[in-house]
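Student: The structure follows.
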Amino acid sequence: MSWSSLIPATSFMPIQATEIAKEVDLLYAFLIISSLVSFVILIGGMTWFLIKFKRTSLDQKSAYITHNNFAEFLWSFIPLIIMMGIFYWGMVIFEKLRTPPEDIAAEIHVTGEQWAWTYRYANGKEFYSSANDPMIVPAGKATKLILTSKDVIHSFYVPAFRTKQDAVPGKLTQLWFEPKQPGEYIVFCTEYCGTKHSGMMIKIKAIPSEEYAAWYHAEKKGADSPADLGKTLFAQKACASCHSIDGARIVGPTMKGLFGSSRKFADGSQTKADENYLRESILVSSAKIVEGYPPAMPVFQGQLSDEDVANLIEYIKSIK
């Protein structure tokens, strides 16, 4: 019998709609049960000592007892090993929650605002949660959300997936999940964001992957895709005069294969070219200067909207 089976999904825990939800519940069950065992040992032992060694007369004296180095070592070392094991266990699960797989089937930009969510797909479909449109995702395949906020901090929490991520103004964060089966799952905002905070509930609707593909490629509600809009903006801002899209070296680094690659900078540091790196490089180009290139790019902070930046990032990601 597994630890997680001791916490049935039909009781006080939400359903386990993803495989990683089982791992989270297993750790949670271990923490509850180990805490209960520790409580019984501690309080039970204390109670037994109170009864066993209760003073029976006013002039009774306790025997002189010296310390025991071995016992002191054991009651310090054993909890240390247990705590380090729990820490490692939690770290492994956290890494799984925060690291999306390579085979992402759907990528959705999600923007929080008081008091609604907007979600935009790579093909231009866009939905506003106040219209009661669920977020459509494929069941049995991984979906990645790229989160930000227009005003205050919001937090995107899906209890059935055991995953949560803050949406922060001026920053891009990410969250991923893979629903095992078709169904509808409630999303809560778990960061208090104002008087209508409780009204920011939406639904994620997981449908079979074939149905999702048909829905995704059907007539869209939005305009051009974010990548198409980014391509237009790339041309309007004359980005191609410094950045090639075919791998050629000109004034600045090429955009070809940029996303996901490792970047080394003039100060010796390096990082992975993810969404946050691209955002920073577009808005404040001097923040990180790529090794071997001059700091020639102008600063676009204050000239581009968050949507413009997101569109440019999607276009850069499409240049393989």
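The values are calculated or read from the model by the stated rules, or taken from the named source; none is laboratory data. Keep in mind the model is a prediction, meaning the values are calculated, not measured. Every residue, glycine as well, gets a Cβ built from its backbone with ideal geometry; the counts of neighbours run over all protein chains shown. Protein only, heavy atoms only, side chains kept; ligands, DNA and RNA dropped before computing areas. Shrake-Rupley method; radii C 1.70, N 1.55, O 1.52, S 1.80 Å.
Student: Averaged over all directions, how much area does the convex hull of the C-alpha atoms of the stretch 34-128 cover when projected, in nm²?
Tutor: Details: hull surface 55.0 nm².
That works out to 13.7 nm².
Student: Let me ask something else about it. Could you give the dipole magnitude of the stretch 63-144 about its Cα centre, charging the beta-carbon of Lys and Arg +1 and that of Asp and Glu -1, in debye to the nearest 20? Mind dumping the intermediate values first?
Tutor: On the way: 6 positive and 8 negative charges, 18 e Å.
Dipole of the stretch 63-144, to the nearest 20 debye: 80 debye.
Student: Let's test the formula: R0 of 51 Å, r as the Cβ-Cβ distance of K61 and F12. What FRET efficiency results, to the nearest 0.05?
Tutor: That gives a FRET efficiency of 0.50.
Student: Considering only protein heavy atoms, what per residue accessible area in square angstrom results for the chain with a 1.4 angstrom probe? Kindly include the intermediate steps, with their values, before the conclusion.
Tutor: Working: 18900 Å² over 320 residues.
Accessible area per residue: 59 Å².
Student: Exactly which trypsin sites (Lys or Arg not before Pro) in the stretch 171-205 are in a DSSP loop and have at most 11 other Cβ atoms within 10 Å?
Tutor: Working: sites: K171, K180, K196, K203, K205; in loops: K171, K180, K196.
Counting only loop positions with at most 11 other Cβ atoms within 10 Å, the trypsin sites (Lys or Arg not before Pro) in the stretch 171-205 are K196.
Student: Could you tell me which of I51, P298, H217 has its Cα farthest along the dipole of the chain towards the positive end, charges placed at Cβ (Lys, Arg +1; Asp, Glu -1), taken about the Cα centre?
Tutor: It is I51, whose Cα lies furthest towards the positive end.
Student: Treating the beta-carbon of each Lys and Arg as +1 and of each Asp and Glu as -1, no other charges, what is the dipole magnitude of the stretch 226-318 about its Cα centre, to the nearest 20 debye?
Tutor: Dipole about the Cα centre, nearest 20: 320 debye.
Student: Which far-off residues, 5 or more places away or on another chain, put their amide H under 5 Å from the one on V152, with H placed in the peptide plane?
Tutor: For V152, whose amide H was placed from the backbone, the distant partners under 5 Å are Q114.
Student: Here's another thing I want to ask about it. Just round it to a whole percent: the fraction of Cα-Cα distances in the chain exceeding 34 Å. Can you show the working numbers first?
Tutor: On the way: 21333 of 51040 pairs.
Looking at the chain, the distances longer than 34 Å represent 42 percent of pairs.
Student: Provide the FRET efficiency to the nearest 0.05 for the W89-K164 pair, computing r from the beta carbons and using R0 = 25 Å.
Tutor: Efficiency for this residue pair is about 0.85.
Student: Report the relative contact order of the chain, percent, no decimals, based on alpha-carbon pairs under 8 angstrom and at least 6 residues apart. Before the final figure, lay out the partial values.
Tutor: Values: 509 pairs, mean separation 43.8, N = 320.
The value is 14 percent.
Student: Here's another thing I want to ask about it. Compute the length gained on full extension between F49 and V284: take 0.36 nm times their separation in residues and subtract their Cα-Cα distance, giving the result in nm to one decimal.
Tutor: Result for the pair: 78.0 nm of gain on full extension.
Student: Please state the Cα pair-distance histogram of the stretch 191-320 with 5 angstrom bins from zero: what percent is in each bin?
Tutor: Taking every Cα pair in the stretch 191-320, the percentages come to 2, 9, 15, 19, 15, 12, 10, 8, 7, 3, 0.
Student: Which distance in nm do the two modelled labels at F188 and K96 give, with both placed 7 Å along the Cα-to-Cβ direction?
Tutor: Spacing of the two 7 Å Cα→Cβ label points: 2.3 nm.
Student: Right, something else. Among the listed pairs K205/K237; K288/K317; K203/K288; K144/K171; K237/K272, which are separated by more than 27 Å between their Cα atoms?
Tutor: Details: K205/K237 38 Å; K288/K317 19 Å; K203/K288 39 Å; K144/K171 16 Å; K237/K272 25 Å.
As for pairs spanning more than 27 Å Cα to Cα, those are K205/K237; K203/K288.
Student: Among the GluC sites (Glu not before Pro) in the stretch 82-111, which ones are in a DSSP loop with at most 14 other Cβ atoms within 10 Å of the Cβ? Mind listing them?
Tutor: Details: sites: E95, E102, E107; in loops: E102.
Those satisfying the criteria are E102.
Student: Can you give the three extents of the C-alpha atoms in the stretch 106-217 along their principal axes, from longest to shortest, in whole Å?
Tutor: Over the stretch 106-217, Cα extents along the principal axes are 39, 27, 24 Å.
Student: Got a sec? What order do S57, S35 fall in by accessible area at 1.4 Å, biggest, i.e. largest, first? Let's see the in-between values first.
Tutor: Details: S57 45, S35 70 Å².
Result, largest first: S35, S57.
Student: DSSP loop trypsin sites (Lys or Arg not before Pro) in the stretch 233-278 with at most 11 other Cβ atoms within 10 Å of their Cβ, which ones?
Tutor: Working: sites: K237, R249, K256, R263, K264, K272; in loops: K237, R249, K256.
Hits after loop and neighbour filter: R249.
Student: Report the charge-dipole magnitude of the chain in Debye, nearest 20, computed about the Cα centre from +1 at each Lys and Arg Cβ and -1 at each Asp and Glu Cβ. It would help to have the intermediate numbers written out before the result.
Tutor: On the way: 32 positive and 32 negative charges, 142 e Å.
Roughly 680 debye, rounded to the nearest 20.
Student: Roughly to the nearest percent, how much of the accessible area of the chain is carbon and sulfur, given a 1.4 Å probe?
Tutor: Numbers: 11460 of 18900 Å².
Using a 1.4 Å probe with all protein chains present, the chain comes out at 61 percent carbon and sulfur.
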